[in-house]
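What follows is a single structure, written as structure tokens, with notes after it.
The values are calculated or read from the model by the stated rules, or taken from the named source; none is laboratory data. Because the structure is a prediction, the values reported are computed rather than measured. Backbone-built Cβ (ideal geometry, glycine too); neighbour counts: all protein chains shown. Ligands, DNA and RNA are stripped out before the accessible areas are found, and what is left, the full protein with its side chains, is counted by its heavy atoms. Shrake-Rupley method; radii C 1.70, N 1.55, O 1.52, S 1.80 Å.
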Amino acid sequence: MAERNRGVLYVVATPIGNLEDLSPRARDALAHVALIAAEDTRHTAKLLSHFGIRTPLVSLHDHNEAERTPGLIEKLSAGASLALVSDAGTPLVSDPGYQLVRAARAAGICVSPVPGACALIAALSASGLPTDRFVFEGFLPQKSAARQARLVELAGEMRTLVFYESVHRLVESLGDMAQTFGGERSAVIARELTKLHESLRDGTLQALAAWAKSDSHIGKGEVVVLVAGAAPESDVRDADAVLAVLLEELPVKQAAVLAAKLTGGKRNALYRRALEITKTQGS
Ligand code: SAM
């Protein structure tokens, strides 16, 4: 329970591109707190200046959060309300703030969210992929071997997968995903959301990897990668059973076309699976 006469820590979401996405409540909180803890004070100063807000700023980033937190908790305990912001979107979502929020809650200070933009939710909401269940994986490891190992762990995940990724690693990551999840898996690349060159491109992992490789603009901007979850094992077994029956009477291509109609599966994937089944039967 928060105690009386203590300040409130407002966790304030800021825009991920379009400044109009700063909510009136966020503006109000930023204008009326005693101090704003910001990931990058110069970056946030520009946002504040756009809205004519003059609240003082203090930096709070991955490298000073542990050391800054006790002083901020002291201020809150003494009655000052503070706001926490990151460079873009919702603080703590692949951004600093975790230690401060934990310490504030442990000290019985009221922590209140002021929700707004978040790239993963914005991307998911417009992706056309299932949203009833999803997993947010944040950033994949930067080194290829570690990234591939993580992807192997995720290959059977049936919920929609959401990743943040640096555009500089996008081609490599999509290639690794195509290899590990199968090139036929559906995916969406959400790029530059809420900005001038916003785009959402969908396709198979294989097609998106090829597109990313050939697009000369890919090295710029920000992206969220969303990947459809794995098909349930039972679907794979059902498709195999249907293919096995059809292959007794039909050539591979026709069997794949009919199996796609019967199971709702992807024709190319079923064609490749039909080839594998024929090979195994022949051996
Ligand atoms: N806290 C932020 C949020 O709520 O979305 C995320 C911060 S994380 C350090 C930055 C990553 O978010 C980028 O590398 C990119 O994957 C994603 N991102 C942020 N803004 C974006 C935008 N406008 N369009 C697409 N992706 C974006």
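Residue-wise HN-Hα couplings along the range 5-15, as the Karplus relation 6.51 cos²θ - 1.76 cosθ + 1.60 with θ = phi - 60° gives them from phi, are 6, 9, x, 10, 9, 8, 9, 9, 7, 10, x Hz; Gly and Pro carry x. Report the calculated FRET efficiency for Q179 and S77 (r = Cβ-Cβ distance, R0 = 45 Å), to the nearest 0.05. For R0 = 45 Å, the calculated efficiency reads 0.30.
Amide H contacts of V135 (H built 1.01 Å from N, in plane; Pro and chain starts excluded): T160, L161, V162 sit under 5 Å, all sequence-distant by 5 or more or on other chains.
Amide H to amide H, with H built 1.01 Å from N, E222 comes under 5 Å of E192, counting only residues 5 or more places away or on other chains.
To the nearest ten degrees, helix 233-249 and the longest principal axis of the Cα atoms of the chain are 20 degrees apart.
With the convex hull drawn over the C-alpha atoms of the range 38-156, the volume per residue is 164 Å³. The accessible surface of the range 89-196, taken with every protein chain in place and a 1.4 Å probe, is 55 percent carbon and sulfur. Amide H contacts for V11 (H built 1.01 Å from N in the peptide plane; partners 5 or more residues away or on another chain; cut-off under 5 Å): L84, S112, V114.
Sorting the segments 15-21, 245-251, 219-225 by their mean number of nearby beta carbons within 10 angstrom, highest to lowest, gives 219-225, 15-21, 245-251.
For the range 1-85, the carbon plus sulfur part of the accessible surface works out to 47%, probe radius 1.4 Å.
Taking every protein chain into account, the accessible area of the chain amounts to 54 square angstrom per residue (probe 1.4 Å). Taking a straight line from the alpha carbon of K279, these lysines sit under 24 Å away, with near neighbours fewer than eight places off in the same chain left out: K253, K261, K266. Model label sites at V152 and L19, defined 7 Å from Cα along the beta-carbon direction, differ in position by 4.9 nm. Since only V223, Q142, L174 are under comparison, the one whose Cα sits farthest along the positive direction of the charge dipole of the range 142-227, derived from C-beta charges on Lys, Arg, Asp and Glu, is Q142. Looking at the chain, the DSSP beta bridges with both ends there are about 45 percent antiparallel. For K220, a cut-off of 26 angstrom between C-alpha atoms picks up these lysines, skipping any fewer than 8 places away in its own chain: K46, K143, K195. Neighbours of V227, meaning other residues whose beta-carbon lies under 12 angstrom from its beta-carbon, give a summed charge of -4 when Lys and Arg score +1 and Asp and Glu score -1. Dipole size of the chain about its Cα centre, with +1 on Lys/Arg Cβ and -1 on Asp/Glu Cβ: approximately 260 debye, rounded to the nearest 20.
Here the 3J(HN,Hα) profile of the range 110-127, calculated from phi with Karplus coefficients 6.51, -1.76 and 1.60 at θ = phi - 60°, is 6, 10, 10, x, 10, x, x, 4, 8, 4, 5, 6, 4, 5, 4, 5, 10, 7 Hz, Gly and Pro shown as x. Helical runs assigned H by DSSP (4 residues or longer) give the chain a calculated mean residue ellipticity at 222 nm of -14000 deg cm²/dmol, each run adding -39500 (n - 2.57) before division by the residue total.
The HN-Hα couplings worked out from phi for the range 93-99 by the Karplus form 6.51 cos²θ - 1.76 cosθ + 1.60 (θ = phi - 60°) are 8, 6, 8, x, x, 4, 5 Hz, whole numbers, x standing for Gly and Pro.
Once the other residues with Cβ under 11 Å from the Cβ of P141 are scored (Lys, Arg +1; Asp, Glu -1), what is the net sum? So the surrounding residues net to +2. Note on the chain: Cα convex hull, mean projected area over all directions, 18.5 nm². With K and R counted +1 and D and E -1, the other residues having a Cβ less than 11 Å from that of A117 yield a net charge of -2.
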